[in-house]
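First up is the structure itself, then whatever we jot down about it.
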Amino acid sequence: MRNIWTIARREYNHYFTSPIAYVVAFVILLTLGFIFGLVVWSSYQSALTGGGFGGPSTAPGVDWLGSTFNFLLMLTIPALTMRLVADENRTGTMELLLTAPLRDWELIVGKWLGAFLFILTILAITLVYPIILNSLEKPGLDQGLMVSVYLSVILLSAAYLALGVGISSLFTNQIAALFSTLGLFIFLWWLIGFPANYFQSASDLFTYLNTTSHLSTLYSGKISLSDVIYFLSLTALGLFTGTAAIDARRWS
Amino acid sequence: MIRVEGLTKDYGSRRALSDLSFETGQGEVVGFLGPNGAGKTTTMRILTGYMPPTEGSATVAGYDVVTESLEVRKRVGYLPETVPLYTDMTALDYLKFMADLRQIPDSEERAFETLEMVGLDSRANSFIGSLSKGMRQRVGLAQALIHEPEVLILDEPTIGLDPGQVVEVRNIIREIGKQRTVLLSTHILSEAQQICDRVLIINKGKIVAEDTPENLQARLVGSERVSLRVRGDSDGLSKLLMKIKGVQSAHNAPDGSVEFQFAPGQDVRPLVAKTIVNSGYELLEMRPVGLSLEEIFLELTREDAHRGKK
């Protein structure tokens, strides 16, 4: 466990010296801030006109936060994970880590955890938006919805970061890792849902594999075991791929 | 401390090591000599747990490198040939990271101590990327020493250093070698002579010779060689030398000097000097010519071929 933490801490600190990480944090926070502004403005407008369609139905939710955040994560996580293992392969520092008293899976989990903590840091900053919204509204925000929306970001970043780390372990070149990861995300996010319309018999399977179908359940405030298992399976798959890739490199 | 038995490693169809066996004792500094591609780095990578052998076994400090890899890695300090450094970290942060991976308590204190040991404490907070090659090499060495390992494995520790730094690094290794087992690879014979108790010469994945540096040289050098230089024309000098009793052979070297050989123990140098001066030549220089590693290799491979014929 201490080894995982040692690796994770180095990666986490590394993000704060890396321009890419600042750009990612900036893009996410700026976009969310912009949408937050629109949400506040529109609810202020409807309040002025006397509560919109009669009653508290104008209360803004927080699902916009989850859907925007997750979409941006899908696009930016490849840039955060591309160098994690590929760069160690390129510079030869892998030889250092593989001859240190450290298990292969501890290395991979440590790398993943460092990136995960970085995303959680950004997520923690975004808490200001629901806190402000909560104080603006009379009945306050739907607490259950808020939990499921934040859970959607946590689960998605865990799964996609693990896949990114796994792919990064297969490469020596960061750019190759970047585009492979992005390609996989586009596939999971969007393409895999298509066949569901054409193959009725396997429709459930394609829908289950599609990331967005699980996210939309979470945005509606429902937390189901099947959705959680989906994201945790992808996390395990990514971390396993990374560990296997390191092992394969040793034997080559 | 290190015991290697029948070690074989194939990279695809290319055999990098074939049936390598050797042993080293505690507190011994063993030099691993060989040309590029001889299998030195491969052997070291197997011993440090970086990769498993195709066949054969190896133990370090009593632990098997394949089945007890983590135990081996805890006890070995390793400096790979391309020094693995994070150039965007400071020297101190880097060593602290390595100390943490080694689970050393008070890692920062230990990191600083190790930097002092390699004489870099004044650059502790410099980024590794801004350090000179010699300094980086020493940071790499510090990383290998940080956990006071029982066995130290160094792949070409003095390559690319300037002469002053070479002396420093050799002194550090000799100091460490007093208590710990050191296995180092080099292709400089004089380096092996200065710091190693024993030398293993490896070629094409096999050990071709194993002895103390002195014995190795004595065994291989059947005769002593001397180079001499005179003012002006040296034509006819080799013929003159051949007439002297005890001189085995003499010939003109391309650079204008003349080389001659004599059997060890029968030093003919005073006689040669007297003869040359008496013959009217002006003697400028007379110096012994050492046997270079290249020549030792030629010698050894010739021995191999010879034995093959028998």
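Looking only at segment B:66-75, count every residue that is surrounded by fewer than 22 Cβ atoms within 10 Å (Cβ to Cβ) and either of a type in the set (D, E) or within 10 Å of another protein chain (Cβ to nearest Cβ) (or both) and tell me the total.
The first filter runs over segment B:66-75 and keeps only residues surrounded by fewer than 22 Cβ atoms within 10 Å (Cβ to Cβ), leaving B:66-71, B:74-75.
If we keep only those that are either of a type in the set (D, E) or within 10 Å of another protein chain (Cβ to nearest Cβ) (or both) as well, we get B:68-71, B:74-75.
Number of matching residues: 6.
Can you tell me which residues in segment B:84-134 are more than 8 Å from chain A (Cβ to nearest Cβ), within 13 Å of B:A144 (Cβ to Cβ) and in a loop (DSSP other than H, G, I, E, B)?
Within segment B:84-134, B:V118 is the sole residue that qualifies.
Say we look at segment B:174-194 and pick out the residues that are in contact (Cβ under 8 Å) with a residue 60 or more places away in the chain, of a type in the set (A, V, I, L, M, F, W, C) and crowded, with 21+ Cβ neighbours inside 10 Å; which of these is farthest from B:L120 (Cα to Cα)?
Checked segment B:174-194; the qualifying residue farthest from B:L120 (Cα to Cα) is B:L189.
Can you go through B:Y63, B:Y78, B:Y50, B:Y86 and tell me which one is assigned by TED's automatic domain parsing to the domain that holds B:E113, surrounded by fewer than 24 Cβ atoms within 10 Å (Cβ to Cβ) and under 25 Å from the mean Cα position of the chain (by Cα)? Before the answer, list the steps.
Working: B:Y63 fails: under 25 Å from the mean Cα position of the chain (by Cα); B:Y78 fails: surrounded by fewer than 24 Cβ atoms within 10 Å (Cβ to Cβ); B:Y86 fails: under 25 Å from the mean Cα position of the chain (by Cα).
On inspection, the qualifying residue turns out to be B:Y50.
Which condition number in (1) assigned to a loop (DSSP other than H, G, I, E, B); (2) at pLDDT 95 or above is the one that A:G221 fails?
(2)
Identify, please: which residue in segment B:14-40 is open to solvent by 40 Å² or more (accessible area, probe 1.4 Å) and outside any loop (DSSP other than H, G, I, E, B) and is, among those, farthest from A:R249 (Cα to Cα)?
To start, the set of residues in segment B:14-40 that are open to solvent by 40 Å² or more (accessible area, probe 1.4 Å) comprises B:14-15, B:19, B:21, B:23, B:26, B:35-37.
With the extra rule that they be outside any loop (DSSP other than H, G, I, E, B), the set shrinks to B:14-15, B:19, B:21, B:23.
Details: B:R14: 17, B:R15: 18, B:D19: 23, B:S21: 25, B:E23: 28 Å.
Among them, the one singled out is B:E23.
Are there helices (runs of 4 or more DSSP H) fully within segment A:59-126 with at least 3 residues that are within 14 Å of chain B (Cβ to nearest Cβ) and closer than 25 Å to B:L154 by Cα? List them. It would help to see each step written out before you state the result.
Working: elements: A:63-91, A:93-98, A:104-125.
Output list reads A:63-91, A:93-98.
Look through segment A:159-189, keep the residues that are under 22 Å from A:V228 (Cβ atoms) and aromatic (F, W, Y), and return whichever of them is surrounded by the most Cβ atoms within 10 Å (Cβ to Cβ). Spell out the reasoning first.
Residues of segment A:159-189 under 22 Å from A:V228 (Cβ atoms): A:159-166, A:184-185, A:187-189.
Then keep just the ones that are aromatic (F, W, Y); that gives A:160, A:185, A:187, A:189.
Numbers: A:Y160: 30, A:F185: 20, A:F187: 14, A:W189: 19.
By that ranking, first place goes to A:Y160.
Confirm whether B:G164 is in the same structural domain as B:T24 (by TED's automatic domain parsing) and not in a loop (DSSP other than H, G, I, E, B). Can you show your working first?
On the way: in the same structural domain as B:T24 (by TED's automatic domain parsing): yes; not in a loop (DSSP other than H, G, I, E, B): yes.
Yes: the conditions hold for B:G164.
Which of the residues that make up segment B:140-154 are of a type outside the set (D, E) and either open to solvent by 10 Å² or more (accessible area, probe 1.4 Å) or within 20 Å of the chain's Cα centre (by Cα) (or both)?
Passing the criteria: B:G140, B:L141, B:A142, B:A144, B:L145, B:H147, B:V151, B:L152, B:I153, B:L154.
The values are calculated or read from the model by the stated rules, or taken from the named source; none is laboratory data. Predicted model, so just to flag it, every value in this text is computed and none were measured. Quick reminder, even Gly has a Cβ in these numbers, built from the backbone with ideal geometry, and neighbours come from all protein chains shown. Just the protein is used for accessible areas: all its heavy atoms, side chains included, with ligands, DNA and RNA removed. Shrake-Rupley method; radii C 1.70, N 1.55, O 1.52, S 1.80 Å.
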